[in-house]
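Quick notes on the structure that follows.
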Amino acid sequence: MEAASRRMERRTSTQVKVDLASLNVRTPAEEGVTENVSPHGARIVTTRHWRPNERINVRSLWGTLRSRARVVYCQPRDERSFAIGVELIARTGEWATREGRQRAAAAAGRSMKPGRH
């Protein structure tokens, strides 16, 4: 049976920047972007390969979410990126807040070409 058919909760397609950090302190943290999220998990695009069952910390850069998580799968997307599925284990906060989205939009607006809004 496919994992998606066993999933009990709805995933929301949304892009949120996140910080991913292994519990192994020798592994550097890195940023990723969610493809979809739910209260108990997410699919995140990242540039490094993560091992299934690896324990990580996930932190939303646009919201208040902080969570320990377990990597469920890691799939290659192309030559430079992977998609990981994570199960959130001890979650607090929200994926994105209005203020976090406004800061992200303002930062994106500063990098846009003049005349584009």
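Bear in mind that the values in this text are calculations on the coordinates, not laboratory data. Model, not experiment: these values are computed from the prediction. With ideal geometry, Cβ positions are generated from the backbone for all residues, glycine too; neighbour counts draw on all protein chains shown.
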Between the DSSP loop rule and a limit of at most 12 other Cβ atoms within 10 Å, which GluC sites (Glu not before Pro) in the range 52-113 are left? Glu79
Putting +1 on Lys and Arg Cβ atoms and -1 on Asp and Glu Cβ atoms, find which of Thr47, Thr27, Thr92 reaches farthest to the positive end of the dipole of the range 3-107. Thr92
Taking 2.2 N^0.38 Å as the expected size of a compact globular protein, what ratio does the Cα radius of gyration of the chain give against it, to two decimals? 1.12
If one compares the long axis through the Cα atoms of helix 98-110 with the longest principal axis of the Cα atoms of the chain, the angle in degrees, nearest 10, works out at 60 degrees
Cα centre as origin, Lys/Arg/Asp/Glu Cβ charges: the range 3-107 dipole, Debye: 220 debye
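Report the longest stretch of the chain that contains none of the trypsin sites (Lys or Arg not before Pro) sitting in a DSSP loop with at most 13 other Cβ atoms within 10 Å.
For trypsin sites (Lys or Arg not before Pro) (loop position, at most 13 other Cβ atoms within 10 Å), the longest site-free span of the chain is 27-76.
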Run lengths n ≥ 4 of DSSP H only: what is the helix-derived mean residue ellipticity at 222 nm for the chain, with -39500 (n - 2.57) per run over all residues, to the nearest 500? -4000 deg cm²/dmol
